[in-house]
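Enquirer: First the structure, then my questions, so here it is.
The values are calculated or read from the model by the stated rules, or taken from the named source; none is laboratory data. Given the structure is predicted, the values throughout are model-derived calculations rather than measurements. Every residue, glycine among them, receives a Cβ derived from its backbone with ideal geometry; neighbour counts consider all protein chains shown.
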Amino acid sequence: MDISQLLINWYKTHQRDLPWRNTSDPYKIWLSEIIMQQTRIDQGLAYYHRFIENFPNVEALAKAEEQEVLRLWQGLGYYSRARNLHKSAQIIVSEFNGVFPSEYDSILKLKGIGEYTASAIAAFAFGLPYAVVDGNVYRFLSRYFLIEEPYDSAKGKTIFRETANEILDKQNPGLHNQAIMEFGSLQCKPQNPDCGACPLNNSCLAFAKKKVAVLPYKSGKTKVRKRFFNYFILEDAAGKILMKKRSEKDVWHNLYDFPLTETDHLVSESDLMNKHIIESTFGIQDFIVKSISPVQIHLLSHQRLHLRFIRISVQNFSNLNPFTSFSQSDIEKLPLPRPVEQYLSSFFDEEGIAHHK
Ligand code: SF4
């Protein structure tokens, strides 16, 4: 029996029942693939259902306001995925009459779709013979065939892609791809896979050579940039808070956050709360610094953010530009970065408690 058949047999008894596996609708498959990148299945499922409920088809997504899409995406991170979904839905409507393109090259040209996602849509929705190569597939292939080339090097990528294509069942590309991904995820797991119970253990080279634990290899580590965000939460007597849409090309593009001073090192509390600096930075006169949070670390893929929240109450705002003042109910409709949302929810909880006293 060939390897693809062994994987498919294993899959038939071990697969998880996931909603996007029971459809050939390219829109739903695309949505699930984008949501599930960098996301755990249990967390991603809730977002998937919410998206399908709000935007049941590509036209509905194309017609939505970007803010609505970002708000629904809130908490998933990597917001460019949501912006690209939205833009690609508009491209499908304007250039393909709302019909999802069915050729690999056209799918690959859509925004936010790389080789992996294009192969997944081509195989799952249209039955085209493209092998998918995600982290689960790299891990399985590197162990089974003892591929010691790092999977993130140019040479490694070619070897893995070619190997994946060689073993692809061209008659059943969708089923084969689901099987190999699920096998990597559930059986050939990153830590302590149960090789003794594996149906492929008598032909697995890493198992024979006792190299399972060290594979797959990855080349150099990516450099992580450290940044220091000092957020000022300026609140007026009516409880309105100043916020701004992040329009610059940076993290959290088009999401809303507070007035911010970014520094290249950790600034002392006394410097942050310096009256003259606050006055000149925000053009405010009579204010009280109410609290300053401890430093929180927020990790992004290549950045380590050190966040601090300085809460200030002001009688009123004289000069708002470039900010806007929002009430709590307005803020609840805005797309927010995760740490800002978390800060605000404890902030409003406190306020709520205060109001009920
Ligand atoms: S024997 Fe172990 S390493 Fe080899 S394919 Fe099976 S689970 Fe993976």
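Enquirer: If we keep just the residues of the range 143-161 that are of a type outside the set (A, V, I, L, M, F, W, C) and touching a Ser or Thr at 6+ places or on another chain (Cβ under 9 Å), which is farthest from the ligand (Cβ to nearest atom)? Steps first, answer last, please.
Expert: First pass over the range 143-161, keeping only residues of a type outside the set (A, V, I, L, M, F, W, C): 143-144, 148-153, 155-158, 161.
Applying the additional criterion that residues be touching a Ser or Thr at 6+ places or on another chain (Cβ under 9 Å) yields 144, 148-153, 156.
Details: TYR144: 5, GLU148: 14, GLU149: 17, PRO150: 18, TYR151: 15, ASP152: 20, SER153: 21, GLY156: 18 Å.
Top of the filtered list is SER153.
Enquirer: Note down all Cβ pairs under 8 Å where the first residue falls in the range 14-26 and is touching a residue at least 12 places away in the same chain (Cβ under 8 Å) and loosely packed, with under 13 Cβ neighbours inside 10 Å, the second is part of a loop (DSSP other than H, G, I, E, B) and not aliphatic (A, V, I, L, M), and they're at least six residues apart or on different chains.
Expert: Cβ pairs passing all conditions: none.
Enquirer: Which pairs have Cβ atoms under 7 Å, sit 6 or more apart or on different chains, and link a residue in the range 191-204 that is in contact (Cβ under 8 Å) with a residue 12 or more places away in the chain and farther than 14 Å from LEU7 by Cα to one that is within 6 Å of the ligand (Cβ to nearest atom) and aromatic (Phe, Trp, Tyr)?
Expert: These pairs meet every condition: CYS195/PHE207.
Enquirer: Across the range 152-188, what is the total count of residues that are among the charged types (D, E, K, R), in contact (Cβ under 8 Å) with a residue 60 or more places away in the chain and over 21 Å from PHE207 (Cα atoms)? Walk me through how you get there before you give the answer.
Expert: As a first pass, look at the range 152-188 and keep what is among the charged types (D, E, K, R): 152, 155, 157, 161-162, 166, 169-170, 182.
Restricting the remaining residues to those that are in contact (Cβ under 8 Å) with a residue 60 or more places away in the chain gives 152, 169, 182.
Cutting the leftovers down to over 21 Å from PHE207 (Cα atoms) gives us 152, 169.
Of the residues in the range 152-188, 2 are among the charged types (D, E, K, R), in contact (Cβ under 8 Å) with a residue 60 or more places away in the chain and over 21 Å from PHE207 (Cα atoms).
Enquirer: For the range 185-204, which residues satisfy the criterion of being more than 8 Å from the ligand (Cβ to nearest atom) and on the phi < 0 side of the Ramachandran plot?
Expert: Our first condition is that a residue be more than 8 Å from the ligand (Cβ to nearest atom); within the range 185-204, this holds for 185-186, 190-192, 196-197, 202-203.
Selection gives SER185, LEU186, PRO190, GLN191, GLY196, ALA197, ASN202, SER203.
Enquirer: Still on this model: Being small (Gly, Ala, Ser) and either away from the ligand (no atom under 14 Å from the Cβ) or touching a residue at least 24 places away in the same chain (Cβ under 8 Å) (or both) is the filter here; which residues of the range 212-231 pass it? Show your work before the answer.
Expert: Of the range 212-231, the ones small (Gly, Ala, Ser) are 213, 219-220.
SER219, GLY220, listed by residue number.
Enquirer: Here is a list of conditions, (1) without any contact (Cβ under 8 Å) to a residue 60 or more places away in the chain; (2) within 20 Å of HIS306 (Cβ to Cβ), and ASP257 meets all of them except one; can you say which number that is?
Expert: It fails just one condition, (1).
Enquirer: Kindly evaluate VAL251 against the criterion of being more than 16 Å from the ligand (Cβ to nearest atom), among the β-branched types (Val, Ile, Thr) and closer than 30 Å to SER327 by Cβ.
Expert: Values: more than 16 Å from the ligand (Cβ to nearest atom): yes; among the β-branched types (Val, Ile, Thr): yes; closer than 30 Å to SER327 by Cβ: yes.
When the stated conditions are applied, VAL251 passes them.
Enquirer: Where the second residue is near the ligand (Cβ under 10 Å from one of its atoms) and of a type in the set (Val, Ile, Thr) and the first is touching a residue at least 40 places away in the same chain (Cβ under 8 Å) and lies in the range 125-151, which pairs have Cβ atoms under 6 Å and are six or more apart or on separate chains?
Expert: So the pair list comes out as ARG143/VAL212.
Enquirer: For the range 147-165, enumerate the residues that are at pLDDT 95 or above and under 14 Å from LEU215 (Cβ atoms).
Expert: ILE147, ILE159, PHE160, THR163
Enquirer: For the range 38-83, how many residues are out of contact with any helix residue (DSSP H, G or I) (no Cβ under 7 Å at 6 or more places or on another chain) and under 17 Å from LEU300 (Cα atoms)?
Expert: Counting residues in the range 38-83 that are out of contact with any helix residue (DSSP H, G or I) (no Cβ under 7 Å at 6 or more places or on another chain) and under 17 Å from LEU300 (Cα atoms) gives 5.
Enquirer: Test ALA237 against the stated conditions and say whether it is crowded, with 21+ Cβ neighbours inside 10 Å and more than 11 Å from the ligand (Cβ to nearest atom). It would help to see each step written out before you state the result.
Expert: Details: crowded, with 21+ Cβ neighbours inside 10 Å: no; more than 11 Å from the ligand (Cβ to nearest atom): yes.
No.
Enquirer: Which one of LEU299, LEU307, LEU320, LEU266 is loosely packed, with under 15 Cβ neighbours inside 10 Å, among the aliphatic types (A, V, I, L, M) and touching a His at 6+ places or on another chain (Cβ under 8 Å)? Give the derivation first.
Expert: Values: LEU299 fails: touching a His at 6+ places or on another chain (Cβ under 8 Å); LEU307 fails: loosely packed, with under 15 Cβ neighbours inside 10 Å; LEU320 fails: touching a His at 6+ places or on another chain (Cβ under 8 Å).
Sole residue among the options that is loosely packed, with under 15 Cβ neighbours inside 10 Å, among the aliphatic types (A, V, I, L, M) and touching a His at 6+ places or on another chain (Cβ under 8 Å): LEU266.
Enquirer: Every residue in the range 13-28 that is touching a Lys or Arg at 6+ places or on another chain (Cβ under 9 Å) and either under 25 Å from ARG83 (Cβ atoms) or of a type in the set (Val, Ile, Thr) (or both), please. It would help to see each step written out before you state the result.
Expert: At the first step, the residues of the range 13-28 found to be touching a Lys or Arg at 6+ places or on another chain (Cβ under 9 Å) are 15, 19-20.
Selection gives PRO19, TRP20.
Enquirer: In this structure, is PRO339 at pLDDT 90 or above, assigned to a loop (DSSP other than H, G, I, E, B) and within 22 Å of the chain's Cα centre (by Cα)?
Expert: Values: at pLDDT 90 or above: yes; assigned to a loop (DSSP other than H, G, I, E, B): no; within 22 Å of the chain's Cα centre (by Cα): yes.
No; evaluated as a whole, the condition is false for this residue.
Enquirer: Of all residues in the range 45-58, which are surrounded by 15 or more Cβ atoms within 10 Å (Cβ to Cβ) and in a helix (DSSP H, G or I)?
Expert: If the condition is that a residue be surrounded by 15 or more Cβ atoms within 10 Å (Cβ to Cβ) and in a helix (DSSP H, G or I), then LEU45, TYR47, TYR48, PHE51, ILE52, VAL58 are the ones that fit.
Enquirer: Assuming MET181 fulfils every condition listed in (1) in a loop (DSSP other than H, G, I, E, B); (2) within 16 Å of the ligand (Cβ to nearest atom); (3) touching an Asp or Glu at 6+ places or on another chain (Cβ under 7 Å) apart from one, which condition is it?
Expert: (1)
Enquirer: Name, by its number, the condition in (1) surrounded by fewer than 21 Cβ atoms within 10 Å (Cβ to Cβ); (2) more than 11 Å from the ligand (Cβ to nearest atom) that does not hold for LYS209.
Expert: Single failed check for LYS209: (2).
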